[in-house]
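Each reported figure results from applying straightforward, stated rules to the coordinates on display, with no laboratory input. Since the structure is predicted, the reported quantities are computational estimates derived from the model, not experimental observations.
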Amino acid sequence: MKPMSKFLATCLCAVTVSLVGLAQTPKPAAKAPAAPKLAPAPTVTGPSKIGIIDLRSAIVDTAEGKKLIDNLQARFAPRRTDLKTQQDAIQRLENQLKNGGNTMSATAKQDLNQQIQQKQRDYQQLLQNDQSDFQDAQTQILNEVGNKMMPIVETYAKAHGYTAIVDVSFQWPQSPVLYYNPGAVITGDIVRIYDKANPTAATSGSTNPGGQR
């Protein structure tokens with residue numbers, strides 16, 4: 001083979017080997033797509049302002065609330081008088097059994113015991129009915145006045161820049177609130193605004209007689 005031919009053959013072999021090597025070299029792995037960036041959490045600008053209200057006290061301290069509660073007490077007064085009368089009658093029978101038990105016959109003592117037990121059962125049933133009826137009527141008053149008070153609380157909170165209004169009608173452990181600054185209490189303000197917005201409510205009373213089974 002001529003020298004020039006040998007040189008070309010050698011070059012071709014080198015090029016072939018290089019191409020084969022390139023073909024066998026693995027391609028670099030594609031990069032995984034970057035994770036999407038999460039939007040930043042919203043933040044509250046400025047300090048939070050929390051107001052405190054004893055909603056139950058606010059309701060019953062309004063002129064309307066006081067009037068409705070007074071009417072409720074008046075409606076239940078006859079039932080309370082009847083309960084007191086029955087309680088006194090039971091006490092007299094118990095004293096009779098205690099003081100004269102030694103001189104009474106077994107039959108008379110048994111009859112008196114049965115009479116006392118029956119009166120006690122009747123009294124307990126009437127007492128439970130009275131308490132349940134009174135609670136229902138009181139809840140109705142709280143809801144009636146409370147529903148009218150809620151817009152006032154909301155308007156007051158917005159006007160004075162409150163972030164939240166917390167009700168502390170109940171104390172711990174019934175309420176999750178452990179402490180608050182007395183200066184944050186708005187109960188009195190809400191009562192005054194309510195009375196001003198409802199000047200005739202105190203004399204209107206409730207149209208529902210309630211309190212009766």
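Taking amide H as placed 1.01 Å from N in the peptide plane, the amide H of Val185 sits under 5 Å from that of Ile52, each at least 5 places away or on another chain. Using the Karplus relation 6.51 cos²θ - 1.76 cosθ + 1.60 with θ = phi - 60°, the per-residue 3J(HN,Hα) values for segment 138-150 come to 5, 4, 4, 5, 4, 5, 4, 6, x, 5, 7, 7, 4 Hz, with x marking Gly and Pro.
3J(HN,Hα) along segment 124-131, derived from phi through the Karplus expression 6.51 cos²θ - 1.76 cosθ + 1.60 where θ = phi - 60°, amounts to 4, 5, 5, 5, 5, 4, 5, 5 Hz, with x in place of Gly and Pro. Its convex hull of Cα atoms gives segment 50-204 a direction-averaged projected area, equal to a quarter of the hull surface, of 12.9 nm². Cα to Cα, under 16 Å, and not fewer than 8 places away if on the same chain: which aspartates and glutamates meet these conditions relative to Lys158? Correct list for Lys158: Asp189. For Val177, the amide hydrogen comes within under 5 Å of no other amide hydrogen, counting only partners 5 or more places away or on other chains and with H modelled in the peptide plane.
Karplus-based coupling profile of segment 52-67, in residue order and whole Hz: 10, 9, 8, 5, 4, 5, 4, 5, 7, 8, 5, 4, 5, x, 4, 5, with θ = phi - 60° in 6.51 cos²θ - 1.76 cosθ + 1.60 and x standing for Gly or Pro.
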